[in-house]
Amino acid sequence: MNSNILNINFGRLATLLLPMPLRTSGLTAILNVLTAPIAYILGILSGYRADKLQRLKYNGQVCRLEYCLNYRFGERSEINDLSYPDRIRVRDGTGSNGKPRIIYRRDSGEVYERVKRRGEPNQIILNRRYENNKTFYDFFVEIPASLRDKEKEIAAVVNTYKTQGKTWYLLIV
């Protein structure tokens, strides 16, 4: 629906609905005063509609989530400039070093031989314990230091629009 349909001048409309002999300046002024609350309510509803239509543009896609964060917390005039230094960015967390090592559980009834020599196939050796305990995030949200005071609001927006089950981490750059 075109938003220009909602641009209604109620005072003029009320004047046009009057018969020609009653269209005096005094009666027109009274009609403008009487229709002002209706115009105010329409302005509130139009703002609410525009806000809802804007929120419907957001979803869990990375580009939409980044657009949402920059629209709500960033500089709206720089929203299309990808080289803007204070831009909020959403980075993928599953890079080459971001994939966890999967180790399968041993069967309870199986008997295993002694540890094989280093370099032989079909074995996994973890040298450091912290490799098993790492938390791997699906994506990172990088915000500039100027938005440090809005961390909780940004987290609420990301949790609202992210895909369920995805893990993420907030980085302040």
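The values are calculated or read from the model by the stated rules, or taken from the named source; none is laboratory data. All figures in this text were calculated on a predicted structure; none of them were measured in a lab. Every residue, glycine as well, gets a Cβ built from its backbone with ideal geometry; the counts of neighbours run over all protein chains shown. Calculation scope for accessible area: heavy atoms of the full protein, side chains included, ligands and nucleic acids excluded. Shrake-Rupley method; radii C 1.70, N 1.55, O 1.52, S 1.80 Å.
Brief remarks follow.
For (1) over 30 Å from ARG89 (Cα atoms); (2) of a type in the set (A, V, I, L, M, F, W, C); (3) part of a loop (DSSP other than H, G, I, E, B), each residue gets a yes or a no:
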position	(1), (2), (3)
LEU13	yes, yes, no
LEU27	yes, yes, no
ILE30	yes, yes, no
PRO37	yes, no, no
GLY47	no, no, no
CYS63	no, yes, no
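- Test: residue in the range 61-69 that is open to solvent by less than 50 Å² (accessible area, probe 1.4 Å), at pLDDT below 85 and either closer than 25 Å to ILE143 by Cα or of a type in the set (Gly, Ala, Ser) (or both): no
- Any hit, the range 25-48, residues being of a type outside the set (S, T, N, Q), open to solvent by less than 90 Å² (accessible area, probe 1.4 Å) and within 30 Å of GLN164 (Cα to Cα): yes
- Taking residues in the range 72-84 that are without any contact (Cβ under 8 Å) to a residue 40 or more places away in the chain, and partners anywhere that are surrounded by 12 or more Cβ atoms within 10 Å (Cβ to Cβ) and among the acidic types (Asp, Glu), the pairs with Cβ atoms closer than 6 Å and at least 6 places apart or on different chains are TYR84/GLU78.
- Given (1) in contact with a helix residue (DSSP H, G or I) (Cβ under 6 Å, 6 or more places away or on another chain); (2) open to solvent by 40 Å² or more (accessible area, probe 1.4 Å), number of the condition TYR58 does not satisfy: (2)
- Residue check, ASP81 of a type in the set (Asp, Glu) and modelled with pLDDT of 85 or more: no
- The set of residues in the range 145-173 being part of a helix (DSSP H, G or I), without any contact (Cβ under 8 Å) to a residue 40 or more places away in the chain and farther than 14 Å from GLN61 by Cα consists of ALA145, ARG148, ASP149, GLU151, LYS152, ALA155, ALA156.
- Selection from the range 3-24 of residues that are open to solvent by 90 Å² or more (accessible area, probe 1.4 Å) and within 24 Å of LYS52 (Cα to Cα): ASN4, ILE5, ASN7, ASN9
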